[in-house]
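The values are calculated or read from the model by the stated rules, or taken from the named source; none is laboratory data. Nothing here was measured: the structure is a model prediction, and the numbers come from that model. Positions of Cβ are backbone-derived with ideal geometry, glycine not excepted, and every protein chain shown enters the neighbour counts. Calculation scope for accessible area: heavy atoms of the full protein, side chains included, ligands and nucleic acids excluded. Shrake-Rupley method; radii C 1.70, N 1.55, O 1.52, S 1.80 Å.
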Amino acid sequence: MEFLRLRTAVTTSLPPASGALIDAAASRLRQRLASSVMFTGVEVEVTDDPERLLVALVHYRPGTSERQVSSFLEAVWISELRLPGLDAFHFLAESGHVELESVTGDQESGYFLSLQLIALEGTAEAFEGTASDVETPPRDKADAPPTKKRWFRAG
C-alpha cells in the first residue's frame, strides 16, 4: 500500500518521461538486461500508462533463486533508471516468478519514470548457446580439449 501511495504522489505531481527520455531509458534497460548472463528473452516496451511507462519481460536462468533475481533487478533499477529525487519500488516474488514495480521522479529533472518488470524462470534450452554456455578454446595448448565456462556452482 505504501508503494501505491508513493507512486500516485509521484505520477500526479510530475509529467511522465516522454520522447527521447523514455526511449533512452528503455534502451539502457534493454542493454543492461540483455548483457547479463542471468537473463534471456529480454523484451522492453514503452507504454502510455503512467503506472508503467516501461514494461519488461525476461526469463532468468533455471535454478536461480528469486532473491538473487530480485537483488540483481534492484541493482539494475538503481544504476540505470533511478533519478536523483524520490524513488520507490516493490517486489512480488513467488516460485518461478519475480515482479518489480518501481517509480522515480525528480523536480529538477522535471519528469517521472515508472516500470513494471516481470521475470519468469526460464528453461535450460532457452539458455543453450548463450555466452555462459559457449565452449571456449584453451589459450595455451592448441590441441587441448575445449573447456566450458561455469557461471554457477551446483548446490
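Numbers at a glance
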quantity	calculated
Rounded if a/c under 1.5, otherwise prolate or oblate - region 1-123, Cα gyration tensor axes	prolate
Karplus 3J(HN,Hα) series, Hz, for region 54-62 with 6.51 cos²θ - 1.76 cosθ + 1.60 (x for Gly, Pro)	10, 10, 9, 9, 9, 10, 9, 4, x
Percent carbon-and-sulfur accessible area, region 1-118, ignoring ligands, DNA and RNA, probe 1.4 Å	51 percent
Most to least accessible of E108, E51, E43 (protein chains only, probe 1.4 Å)	E108, E43, E51
Shape of region 1-51, Cα gyration tensor, a/c cut at 1.5	oblate
Segment D23-S71, length gained on full extension (0.36 nm per residue, minus Cα span)	14.8 nm
Convex hull volume per residue in cubic angstrom - Cα atoms of region 31-71	81 Å³
Calculated from backbone phi, Karplus (6.51, -1.76, 1.60) coupling profile of region 4-20 in Hz, x at Gly/Pro	4, 5, 5, 4, 4, 4, 5, 6, 9, 9, 9, x, x, 4, 8, x, 5
Summed residue charge, Cβ within 13 Å of L29's Cβ, Lys/Arg positive, Asp/Glu negative	+1
Ranked packing of 113-120, 79-86, most packed first, by mean Cβ within 10 Å	113-120, 79-86
